[in-house]
Every structure is written in structure tokens, then in C-alpha cells.
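Taking it in order: structure first as C-alpha cells, then the write-up.
The values are calculated or read from the model by the stated rules, or taken from the named source; none is laboratory data. Computed from a predicted structure; not experimentally measured. Because the Cβ atoms are built from the backbone with ideal geometry, glycine has one as well, and the counts that use them run over all protein chains shown.
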Amino acid sequence: MNEQAELMRETVKEFADKNLKDLSLKVEREGIPDIIKEKIIEQGFLGSTLKSEFGGAGLDPLSHRLILFELAKVSPSVAAYVFFHNDIVLKLLSDKGKKEQIKAVIGGKDSYAISISRLTDDSAENKDNEVLKRALNSKSNRYLDLSENGVVFSGTGTAQKINDFKPLGLRGMGVCDFRPSDREEVGKKEDLESILVRSSGDISAIFLGITEGALDNAIEYTKVRKTFNEPLKNYEPVAFRIAEIKSELDMLKFALFAEDCDEIMLLMLKDLSASLARKATKYALQFHGGYGYLEDFGVEKYYRDSVALNAIIYRPIEDKKFLATKIYDGKSGYI
């Protein structure tokens, strides 16, 4: 990394250590506090890559990856909150030139619920009665939804948090039912797919941040946890597995944070980063034994969130088709 990128990494790391570490358990149990969202806005993390004409900070893609990486190390939910708004909501709105809506997001006035699955009330006679079921981000006043006919809609409405439903992952964002009061088209399915491809580096950064956060926890725990009067780190299967994951992680970080990382490499990195996150968080959980499943130890969230993100934003089949087309310079992998 160049000097400017290293300075950005240190700045975000300091922010995460100071503002998120002590609140990470509260984030998992109660959601992202408003004070954290306010500080994220103050730091310019929302709209970080947008041009100044939209009210953004105009940072380069590498800086944005570093923001997501350092946030994910401490709180994957906070990193996901920033990602969904920056990489999906704001990109769709900027492509449509929605300056006022963009400024409302960057300024903290608007927060979006992101539809996970969409169910329509069969008894509804008009679209005003439609309800988005299981949308991420329970503290929201706007929504983003991909309809069945391939149109991406946005609008205002009311979010109702589902208190008796504990989601597998991204608990800090919360899950809600969202009832829209109006809607407008902000893109097509193809636009959303294109954005997810362009966001490969940012998605990789979150996965690698999750990996490093889980790995750091596992390293510290295996130093002090003993069995048969020996620290776990002294046992070959533990030490070798940690070393293997650390090696893979450092190689992927080296590639991801290189200045000349192109679209094809970023797509490859996303696939490898998602796989490593699943593996690393699973072993980190296992090394903690039964304690790993307790929220207080702060390691189980990494496993849950890596699985959740894999289900929501990682599209292995579509990505491999896209990658194969680029490699063969034409249609391939369709039989």
C-alpha cells in the first residue's frame, strides 16, 4: 500500500478500536446505536467514493476497501451497513442522478431497508398493501426492493422490527417487515447485478476483515487456553491450521490492496475471500470449544455473519459464469 492508503487504514483502525470494540457486543444484542451511525457520517464513511457534487468524499476504491476491512474486523454488521448503503443504494441513486436522495443518505436523514425476500399479501387489492418480508436494517425510513419482474424499486414507508425473530447473521442491522407507502423505479435487475460485480473488491474486503477478526480472536485464545497443562497453540493441528489460514489471508490482502488490482482479479479474490472466511471462522469457533458459542467471547458473530453474507451478496454461479466469459473472451460454461 502507498503512504496515503496506509494512513487511511490507520485512521479507520483507530476509529474502530475507539468507537466499536467496547460496543461490539451491544451492537449484536441491540443493533447499531445511533451514536455509531452519527460517527460514521462524521468520518465521511457514507458516500466515501462519491464525487463532491453528490456530497461525497471522493475517495479512491482502495480507500473504501480499507474502510470496510477495518470495520469488519471489529463489527461485520457495521461494515455491512456501510456496504449496503455505499455500494448498492448510493450507486443506484447516483446512476439515476438522485442528488437530493443521495444527500439525505450521506447526511443521515435517510436509512434504507434492503429486501431479503419479497412476499406480497394475496388479499391485497392494490400495491399500497404490499409488504416486504424479512428486510435488513430495522431502523429505516426508506427501502430498496427487487420486484418479481426485475425492476428495482425504492420509496418511503414504515419499518416494523421483528423482535421475536433472531436472524442468523448481521444482527446489528436487525430484521424488519417494511410496508411501503410509495415507490419509484431506480434501476433494473441488470443494474443491480452489474453493481455487485463492480463491488467485488469491497465484498472481498468485508470477508477478509471477518477472517482477520476471527483469526485474531483464535490466536489470542489459543495462547492462554490450556488442555493437559499445555496451551492449545503448542499442539500441531492447532498451530499449523492457524499458520495456514494466516498465510492465505496475508496473500489475499496483498493482492486486494494492490493499486493495480483489475476487475478480473477482484472477481477471483471475491471467490477466494468468501471461501477463506467460511473456513477461518469455522476453525476459530472450534478452537474456542463450547465457549465459542457464547456471545461474550465475540467469535461466533464472525461465523454467523460470514454465512449470512455468503447467502445474501455472494453469487458463486453468476460470478463464475462472468469470469469464464472474460477468460474465454466469449460465451462459455452454459452446458
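Summary of values
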| quantity | calculated |
| --- | --- |
| Answer from GLU212, GLU125, GLU220 - the residue that is at pLDDT below 90 and either over 30 Å from ARG9 (Cβ atoms) or assigned to a helix (DSSP H, G or I) (or both) | GLU125 |
| Residue within region 292-313 that is touching a helix residue (DSSP H, G or I) at 6+ places or on another chain (Cβ under 8 Å), within 28 Å of ASP60 (Cβ to Cβ) and among the hydrophobic types (A, V, I, L, M, F, W, C) present | yes |
| Residue ID - surrounded by the fewest Cβ atoms within 10 Å (Cβ to Cβ), chosen from residues in region 155-186 that are touching a residue at least 60 places away in the same chain (Cβ under 8 Å) and in a loop (DSSP other than H, G, I, E, B) | LEU168 |
| Contacts under 9 angstrom Cβ, first residue in region 85-109 being more than 15 Å from GLY187 (Cα to Cα), partner modelled with pLDDT under 90 and among the acidic types (Asp, Glu), 6 or more apart | LYS99/GLU53 |
